[in-house]
Every structure is written in structure tokens, then in C-alpha cells.
């Protein structure tokens, strides 16, 4: 009896965790802030026709057309800046060698306001994490802090630069 109860409890807890991990969108009541038609979608990159920015479709560590391969590579803020420099110096990405960490304002342009967990258009950025993501923007009041954008719930804040967060890279199209 105890085993059966433990199995049922395990199944219920597992289902609850999976349900919490799914993206929630309110497309019936909130207008999309990043409609797919405003972007040119390619296998490796997505270009925003509104902002003139090209984004990697997969957050760093993920790969494949659906970004389903690999694991996210959270890194410190200095590590994120160095990662972009090294990528450009060594091989580039998708034929370009001018990738960089986006500013906090640029990250906000890919946030999808009708969704949460993650607050991003998964047609554009498949398998994007519901996570805090580093920006290139330093925090002016504390020189050892920088800004991050939280794709769980559309918030932004700042933390010490040694914290490890995922990143996505961007470049200007022009």
C-alpha cells in the first residue's frame, strides 16, 4: 500500500513540475509584441525587421534547427563578453564575425509580453529558457553589477557580475 501511495505521489509531483515548466500565453487577451511576421527566420538566425538586429536563434550551448541539442552554458558577465569576442576572433557564427552581448534594451525587444515561462516567442527562439539572461549593460551605481533580463516574467534587474546566467548573442544587420 505504501509503495502504491509513493508511486501515485511521484506521478502527481512529476506532472505538476511538467505543467509548471510549460509556457503560458494569453494570445486571446494580449496582442503579440514579437509577431513572427515581423521577423525573417532562418535556421541559425532570426532578423528583426523592426529593430535591424539579427539574433542567434539558439541560446549559447543549444544547437540544431529546434535548438534541442546540447545544454545551456551559463557564464559570468565577464565570461559572456569574452565568449563573444572569442567567437568572432575564431570562427564567427552563421558567416558573421560581429556578434556581441545585447544591451538590456535590445533584450527587451525580443520579449513576448503575452507569454511567460518563457516570455519569448518560441517560434523565433525555440527551446529558449525561462531564465535570467545577461545583457551587456553595466549598472552605473555599482561597478561590479550588470543588468540581466528575466525571460520567466518580463522583469529586469542587476546583480553581481560573477553570477552565471545563459546568454544569446546579437549583431546589427547593417
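The values are calculated or read from the model by the stated rules, or taken from the named source; none is laboratory data. Every value quoted in this text rests on a predicted model; they were computed, and no experiment measured them. Every residue, glycine among them, receives a Cβ derived from its backbone with ideal geometry; neighbour counts consider all protein chains shown.
Applying the selection to the stretch 80-92, what residues are surrounded by fewer than 17 Cβ atoms within 10 Å (Cβ to Cβ) and either part of a helix (DSSP H, G or I) or touching a strand residue (DSSP E or B) at 6+ places or on another chain (Cβ under 8 Å) (or both)? It would help to see each step written out before you state the result.
Pass one, the stretch 80-92, residues surrounded by fewer than 17 Cβ atoms within 10 Å (Cβ to Cβ): 82, 85-86, 89-92.
Within the stretch 80-92, 82, 85, 86, 89, 90 qualify.
Within the stretch 142-156, the set of residues being touching a strand residue (DSSP E or B) at 6+ places or on another chain (Cβ under 6 Å) and either in a strand (DSSP E or B) or closer than 12 Å to residue 106 by Cα (or both) comprises 145, 146, 147, 148, 149, 150, 156.
Okay, residues lined up against (1) assigned to a loop (DSSP other than H, G, I, E, B); (2) buried (at least 16 other Cβ atoms within 10 Å of the Cβ):
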site	(1), (2)
102	yes, yes
106	no, yes
123	yes, no
134	no, yes
137	no, yes
140	yes, no
158	no, yes
162	yes, no
167	yes, yes
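Figure legend. Inter-residue proximity from the stretch 41-57: first residues over 19 Å from residue 166 (Cα atoms), second residues at pLDDT 95 or above and not in a loop (DSSP other than H, G, I, E, B), beta-carbon distance below 6 Å, spacing 6+ or different chains. Indicated pairs: 47/40; 47/54; 48/39; 49/38; 50/38; 53/170.
When you check residue 65 against the structure, is it outside any strand (DSSP E or B), modelled with pLDDT under 95 and more than 11 Å from the chain's Cα centre (by Cα), yes or no?
Numbers: outside any strand (DSSP E or B): yes; modelled with pLDDT under 95: yes; more than 11 Å from the chain's Cα centre (by Cα): yes.
Yes; evaluated as a whole, the condition is true for this residue.
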